[in-house]
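Engineer: Here's a structure for you.
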Amino acid sequence: MCYSTTLRKKREKIEKELQGQIKVTFNAKSTYQPYYHLNGFTHGNLQIIPMKDPETISDATWGIIPDWALHDPVAFRKKSNTLNARSESIFTKASFRNSAEDKRCLILADGFYEPHHENGKATPYFCYQPSATNPEGDLFLFAGLYNELDDNTLSATILTTEANAFFMEVHNKGKRMPLVLDAHYYEDWLDEELSIPEVNELMAAGITTKSFGAYPVSNDLYKRNIDTNRPYIIKPEQKDTLF
């Protein structure tokens, strides 16, 4: 599962960092501001690159609303959790099936939080992709699905997959991880000509090979009314803990 993300970079930095991978600019109507924590259950805006407009970064409320629930999205979200979609079943689940065929998207992030369980207690761990040029973490893109709520509003979900060896240690109870795509497959994921077998093959083979780091942060992350504009304090005794 992936229910909490970060996107700490400014618009100009995001557009520049994606150059050479995929050419995109922010939609003029985007409300994006950098944030340290987005809780999926608030249904705030993710920033996505949709198949229908692959050169634009657009806002999308977190939690996809399928066509058959568009008449009452609030009621649908009370009954259904569509913040994530298991990659293994996107073509069989009614909430995701139509979008899996022709409404795929890339979802921007530079970090996310996963619970690590030890001695019956869950501690949030911040997961990111450090690099020599950016030790705080590079930008990366999740594989996602989206749908239109109306002419101006999108909704989206993040795909998850079985955890690799690293995330087996981090997310040691659920043993899942978000499907972070390798940059080589960004344009392929948005290709409207992909067949169902090709989409399944891409999900199986397209996950990033870049290494992740993870460290524990304050349990304040789990509190209501938290500040999305500040980083969560690393526990001093665990500051250098990395899986």
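Read the figures in this text as sums done on the coordinates, not as results from a lab. The shown structure was predicted, so the numbers you read here are calculated from the model rather than taken from an experiment. Please note: Cβ atoms are built from the backbone with ideal geometry, for glycine as well, and neighbour counts cover all protein chains shown.
Engineer: Across every pair of different alpha-carbon atoms, what Kirkwood hydrodynamic radius in Å does segment 7-123 reach?
Structural biologist: Details: mean 1/r = 0.0622 Å⁻¹.
Hydrodynamic radius (Kirkwood, Cα pairs) of segment 7-123 is 16.1 Å.
Engineer: If you take every residue apart from Ser155 with its C-beta less than 14 Å away from the C-beta of Ser155, what net charge results, scoring Lys and Arg +1 and Asp and Glu -1?
Structural biologist: Net charge around Ser155: -2.
Engineer: Using a Cα-Cα cut-off of under 19 Å, which aspartates and glutamates could be cross-linked to Lys16, ignoring same-chain neighbours fewer than 8 residues away?
Structural biologist: Asp53, Glu55, Asp59, Asp110, Glu136, Asp138, Asp182, Glu187
Engineer: So, one more: Tell me the net charge near Lys210. Cut-off is 14 Å between Cβ atoms, Lys210 excluded, with +1 for each Lys or Arg and -1 for each Asp or Glu.
Structural biologist: -4
Engineer: If one computes the Cα centroid of segment 4-41 and of segment 47-97, what distance in Å separates the two points?
Structural biologist: 19 Å
Engineer: Please report the equivalent ellipsoid semi-axes of segment 136-198, computed as sqrt(5 x eigenvalue) of the Cα gyration tensor, largest first, in whole Å. Mind dumping the intermediate values first?
Structural biologist: Values: eigenvalues 126, 50, 36 Å².
Each semi-axis is the square root of five times an eigenvalue, giving 25, 16, 13 Å.
Engineer: Then there's this: Rounded, prolate or oblate for segment 15-68? Axes are the square roots of the Cα gyration tensor eigenvalues, ordered a ≥ b ≥ c, and the cut-off for rounded is a/c under 1.5. Present the calculation step by step, with values, prior to reporting the outcome.
Structural biologist: On the way: a/c = 2.23, a/b = 1.35, b/c = 1.64.
Cα axes put segment 15-68 in the oblate bin.
Engineer: Just the Kirkwood number for segment 100-178, please: inverse of mean 1/r across all distinct Cα pairs, in Å, one decimal. If you can, show how the numbers build up before the last one.
Structural biologist: On the way: mean 1/r = 0.0693 Å⁻¹.
Hydrodynamic radius (Kirkwood, Cα only) of segment 100-178 equals 14.4 Å.
Engineer: I want the local charge near Arg97. Using Cβ-Cβ distances under 12 Å, sum +1 for each Lys or Arg and -1 for each Asp or Glu among the other residues.
Structural biologist: Summing Lys and Arg as +1 and Asp and Glu as -1 gives -1.
Engineer: List the lysines whose Cα sits under 23 Å from the Cα of Lys121, skipping any in the same chain fewer than 8 residues away.
Structural biologist: Within the straight-line cut-off, Lys121 pairs with Lys173, Lys175, Lys223, Lys235, Lys239.
Engineer: While we're looking at this one, here's another question. Go ahead and estimate [θ] at 222 nm for the chain from helices alone: -39,500 (n - 2.57) per DSSP H run with n ≥ 4, summed, over the residue count, rounded to 500.
Structural biologist: Here the helix-only value at 222 nm equals -4000 deg cm²/dmol.
Engineer: With everything on Cα atoms, drop me the angle between helix 196-205 and the longest principal axis of the chain, reported from 0 to 90° to the nearest 10.
Structural biologist: It works out to around 20 degrees.
Engineer: Run down the lysines and flag those whose C-alpha is under 16 Å from the C-alpha of Lys29, throwing out any fewer than 8 positions away in its chain.
Structural biologist: Lys10
Engineer: Sticking with this one: I'd like the per residue volume of the convex hull spanned by the Cα atoms of the chain, given in cubic angstrom.
Structural biologist: It comes to 130 Å³ per residue, whole-number rounded.
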